[in-house]
Amino acid sequence: MTITPTPPPAGWYPAPDGSSATWWWDGARWTQPLDQLSRPVVPTDGGTGAVSKLAMATQVLLIVCGVLSVATIGVETFGIGATTAFLDGRDSTVAMLDLYDQGAAVVSILSSLSLVATGVLWVIWQYRAAKQVAGRTRRSAGWHAGSWFVPIVSLWFPYQNISDLWRAVGRTRPSWQLTWWLLYLVSNLVIGQSSRIYLAAEDLEQLRAAMWVNIGGEILKLAAAPLAWLIVSGITQGILQRSSEPVPSPAA
């Protein structure tokens, strides 16, 4: 035995489209007042505006990181040349080594600051993006941000989370995303190794080896930067496109 729900009596009720307006219910169907039909609808971004701004700032910083990677490669190449010349017995290159030390210190500081700023903005952007598609990803927005900082799981959780965001915004995960992730992981590993060699160096030969390793790491990081830029751009565009689509009426 089934019970058919009794419709509410005729009267004014909150609009079935979720807006703050009131519509007339005649007992069978809704009627929108004429003054509301001609009234312009002021859209709200629902937080997509903040995601868009964060994405733009993150993309700018990714470009800055790429430029600083090029600068680092240039400085390290100069240092290798100066070190090689000194080891070959050209004492006049001492001034070049001093110049390398100064340049390397400046570029290292700027690179560190840009990486930290980019990382912070990326995490905030990803958190806001995940909030926009809550319930459509395997993990919460908090995990989208926090997984970058948890040991071990940070090796694959962020990759999965980015994959979920592509799917949640209705886009296919790009085939090159795995390439981006491997470039990101390996570049961090190589640059970290160069730092360890540099700190433990006891002669110019070891110092030069650290420069070569650092160049390799920076090349990998430089290759990852444009792919990261495309990820931020693509997911953000998907969120904006999704937010602009009409929302079905609750009455339906």
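The values are calculated or read from the model by the stated rules, or taken from the named source; none is laboratory data. A quick note: this is a predicted structure, and the numbers were derived from the prediction, not measured. Don't worry about glycine lacking a Cβ; one is built from the backbone with ideal geometry, like all the others, and counts go over all protein chains shown. These accessible areas exclude ligands, DNA and RNA; they are computed on the full protein's heavy atoms, side chains included. Shrake-Rupley method; radii C 1.70, N 1.55, O 1.52, S 1.80 Å.
Miscellaneous remarks
- Scanning the stretch 29-57 for residues that are modelled with pLDDT of 75 or more, loosely packed, with under 13 Cβ neighbours inside 10 Å and of a type in the set (Gly, Ala, Ser) gives a single hit, GLY49.
- Scanning the stretch 137-160 for residues that are under 30 Å from THR72 (Cβ atoms) and in a helix (DSSP H, G or I) turns up HIS144, ALA145, GLY146, VAL153, SER154, LEU155, PHE157, PRO158, TYR159.
- Test: residue in the stretch 161-172 that is in a helix (DSSP H, G or I), open to solvent by 30 Å² or more (accessible area, probe 1.4 Å) and closer than 23 Å to GLY79 by Cβ: no
- Residue identified as touching a residue at least 40 places away in the same chain (Cβ under 8 Å) and either open to solvent by less than 40 Å² (accessible area, probe 1.4 Å) or at positive phi (or both) among GLY79, GLY89: GLY79
- Residue within the stretch 128-136 that is part of a helix (DSSP H, G or I) and within 19 Å of VAL116 (Cα to Cα) present: yes
- VAL60 being at pLDDT 75 or above, closer than 19 Å to ALA225 by Cα and either over 15 Å from the mean Cα position of the chain (by Cα) or exposed (fewer than 15 other Cβ atoms within 10 Å of the Cβ) (or both): yes
- With respect to (1) in contact (Cβ under 8 Å) with a residue 12 or more places away in the chain; (2) open to solvent by less than 60 Å² (accessible area, probe 1.4 Å); (3) over 26 Å from PHE157 (Cα atoms), the lone exception for ALA201 is condition (1).
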